[in-house]
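Notes follow once the structure below has been shown.
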Amino acid sequence: MAGKLKPLEIERETKPGKYADGGGLYLIVTSATSKNWSYRYWKDGKERWHGLGSFRDVSLKDARLARDAARLRVKGDRSTPGVDIVAEKRAARQEVKAEENAAAMPTFQQCAERYIDEHWSTWSEKHATNGPPRSSAMPNRLY
């Protein structure tokens, strides 16, 4: 396929490879049943591939429109600087992952209470005279 891609050619293409439509839009065929749209651009000296969706979900016309929108975001205009879409998505994923990890991680107080509950019975009589402390009895107590 040379030049602009045509819908019928895209439909029939089964040979794995990258097929350019122009302006950075590529049809990436990985197998006879797997075809995806991708926008290729360069930002800060690095080549980036921004996925635009599956061939089954995104038509050629929609892929071209998505490529144009992505190109505007990458290049920016007079009032806004361009952004690296791939780096932006990666940062957003890492932020969500960090929030999930922070929510799943117990606080220091919870760890301390768990440790005391598990080990108080092995402590000497001097240190274990008060018994294991409970959360409700010690809201502001430090260890």
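Derivation of every value follows stated rules applied to the coordinates shown; laboratory data play no part. From a predicted model like this one, the values you see are computed outputs, not experimental measurements. All Cβ positions, even for glycine, are placed from backbone atoms using ideal geometry, and neighbour counts span all protein chains on display.
Given contacts defined as C-alpha pairs under 8 Å and at least six residues apart, what's the relative contact order of the chain, whole-number percent? If you can, show how the numbers build up before the last one.
Details: 138 pairs, mean separation 15.4, N = 143.
RCO, the chain: 11 percent.
Sorted from largest to smallest, which semi-axis lengths in Å does the alpha carbon gyration tensor of region 1-118 give for its equivalent ellipsoid, taking the root of 5 times each eigenvalue?
Working through the eigenvalues yields semi-axes of 42, 20, 11 Å.
Full extension from Glu9 to Ala91: what is 0.36 nm times the residue separation minus their Cα-Cα distance, to one decimal in nm?
Here the answer is 25.9 nm.
Suppose every K and R has +1 on its Cβ and every D and E has -1 on its Cβ; what is the size of the dipole of the chain about the Cα centre, in Debye to the nearest 20?
With only Lys, Arg, Asp and Glu charged at Cβ, the dipole is about 820 debye.
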